[in-house]
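The block underneath contains the structure these notes are about, expressed in structure tokens.
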Amino acid sequence: MTAQQGQAIQPAPELTAPRPPAADAVIRAEALTKRYGAVTALDKLTVAVPAGITGLVGANGAGKSTLVKILLGLLEPSDGRAAVLDQDCARAGQRIRTLTGYMPEHDCLPADVTATEFVTHLGRMSGLPPTAAKERAADSLRHVGLYEERYRQIGTYSTGMKQRVKLAQALVGDPKLLLLDEPTNGLDPAGRSAMLELVERIGNVFGISILVASHLLGEVEQICDHLVAIEAGKLLRADTVRSVTRASRALVIEVEEGTELLRDELLRRGLAVAVEGRGVTVGLAGDQTFDVVRDAVAELGLPLNRMEQRRHRLEELFSGDQPAAGVTSGGAGDVR
Amino acid sequence: MSAEITAAGAAANGAGVIHDIGYQAYDGPRLGRAQIMLALGWHSLKSAFGIGRGAKAKIVPVFTFAVMCAPAVVNAIQLAVTGTHTRVVPYDTYRPVALRVLVLLIFLAAQAPEVVSRDLRSHVLPLYFARPIRRADYPLAKLAAFVAACLVLIEVPLLVLYVGTVTQVRTGSAVWSETRALIPGLLLGAAWAAVAAALGLLFASFSSRRAYATGSVAIFFFLTWTLALLLTSIGEHAFGPGLQQPSALARLAGLISPFTALDGMRQWLGGTSPGPVPDPGGYGALYGIAVLAFLLAGAGGLLLRYRKVGVA
């Protein structure tokens, strides 16, 4: 909440933030392949991730965690090579782990120590001398929004607070790059947006490059500059978020009755329309689309239930289909 | 909570957030791998004695340490009260031997899980492995720390015994002979600590559940110890050519348990105090090999165990 409010009174971060130059890639993979026996987790993945916040999107099992482990030098690739901050992952793992903070997907916190003790200890494990570890642990916990609570045992924390501790321990060693694996895992909607704001702030205001692995495109597009989409270990797409999502913005309209009428009216007004379940989806070209929809609904006198910008679906991104073209099948929600 | 209020207040005033002085990069020194391992070892050594934990975590370490010191304290009191100058507890076997075994067993079963199972249970290992150490560094630091903990438990009572005796003797030659008797005792104690710590950690590291870890450590040491004594006893009384001449079974039975193997090695190396197993005689070298095998199995098994732990 603090980060959110702090953010609200500041100018838009992209105007003031000291962004690292985007010319150099922080992560490079060349024909990176990882096989576990017969299973291929990564399949000749070639990608360069620039500085800034990058989303690594893919369904569960797409190879996101495998990629992160190879980047940390914890797994040997079967073939190909990867480099983080110009250090080879297979040979300079130790150096990379000095420069990188890692937040795992799963629960990784002991219940019976305080957040301060825990993050201080992991600061020592990052190579900080005792005093520096203490100071940076306090700073990191403050940056993630844990104040007096940090003297309490972690076992008493909510899921949101635990996620913040996990983020603080990644931040304690002053990394140049953060690898965050599903940072919003297990959080409620409010917790999710608070965590996303925090990540965005760390990336944009603190100037630390971040790779966020997530299966929720809707989250990633909110905070990321770049997007890397993988499926079954293969690269699907790597691009700026702007260019990936511009084409696929969509508006869902739900009316109590007369869905067919609305569809026909919107078609008449020149919008690309698809009927999905109880709602109608139109391609969102800009603010004028809202006006067109409003006028159409008003003219027909239909009871409007809901109108919202829809979260994008991974399938759409992957297939390159635009939802407004009417090819999406009805009903399915986010790929979870 | 107060921070939220502060932030909200600051927002209302249109000022910056007071608490937030912005992110500060770290330009200070960074410690190398060896020093990180040292820090991890020191942290683990403290946790082996419940330091930095609650009062409950200190019960077993304090209790076992006190009991282990008891013979040494009794010796000191006895010498002071009776005015005799003859030590009543040997340095190398530290009688009663069963007391040392039992106390060590309790310490291992209770504290080895404290050192390794906690991290397994909370899945914190990926956080260690994502830091600038190598995979084997973690078990090595844990092993070194637990050997040190066992050293404290075994050697400090020997030193108490030494001090309690030396303060009662009058002549320099007596002090010298006490010192000469102490040194093999300390060396043997180090062997006990290394073997016990390695095997204790190995068995504790198989389970993230504390109860199972404690159980497997206790069962391993207790069963092998009991079995070795049982077989020795059978070998001495049932098959032996005579009570003065233990049979091969009695001479070999001690090999199955780490503690009896250590005692066999002591006698092979020239220890003369009576121990839990008879003098192995010609089989002595086997006891040396057995102790080495126990040590390597424990340490090697621990390293292998942590190569298999998932990283994320």
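Values computed for the structure shown
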quantity: Largest-first principal axis extents of the Cα set of region A:2-245 (Å); calculated: 48, 37, 32
quantity: Computed log₁₀ I(q)/I(0) - Debye formula, equal Cα scatterers, no solvent, chain B, q 0.12, 0.13, 0.16 Å⁻¹; calculated: -0.88, -0.99, -1.28
quantity: Minimum 50 Å² accessible area buried by the other protein chains, region A:84-102 residues, probe 1.4 Å, relative to alone; calculated: A:Q94, A:R97, A:Y102
quantity: Accessible-area composition of the protein assembly as shown, carbon plus sulfur, in percent [1.4 Å probe]; calculated: 59 percent
quantity: Extension gain (nm, one decimal) between A:Y147 and A:A31, 0.36 nm per residue minus Cα-Cα; calculated: 37.3 nm
quantity: Cα-based Kirkwood hydrodynamic radius, the protein assembly as shown, one decimal, Å; calculated: 29.1 Å
quantity: Computed over chain B: relative contact order in percent, which uses C-alpha pairs under 8 Å that are six or more apart; calculated: 19 percent
quantity: Mean Kyte hydropathy of 1.6 or more with a Cα span along the axis of at least 20 Å, helices from DSSP in chain B; calculated: B:59-82, B:137-166
quantity: Lysine pair number, Cα distance threshold 15 Å (strictly under), the protein assembly as shown, separation 8 or more or different chains; calculated: 11
quantity: Total accessible surface hidden between B and A, rounded to 100 Å², 1.4 Å probe; calculated: 3900 Å²
quantity: Cα-centre dipole for the protein assembly as shown with unit charges at Cβ (Lys and Arg positive, Asp and Glu negative), debye to 20; calculated: 2560 debye
quantity: Accessible surface, region B:32-308, averaged per residue in Å² (probe 1.4 Å); calculated: 44 Å²
quantity: Extension gain, B:K308 back to B:A293 (0.36 nm per residue minus Cα-Cα distance, nm); calculated: 3.2 nm
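The values are calculated or read from the model by the stated rules, or taken from the named source; none is laboratory data. Since this is a predicted model, take the numbers as computed values, not measurements. Every residue, glycine as well, gets a Cβ built from its backbone with ideal geometry; the counts of neighbours run over all protein chains shown. Note: areas computed on protein heavy atoms with side chains; ligands, DNA, RNA excluded. Shrake-Rupley method; radii C 1.70, N 1.55, O 1.52, S 1.80 Å.
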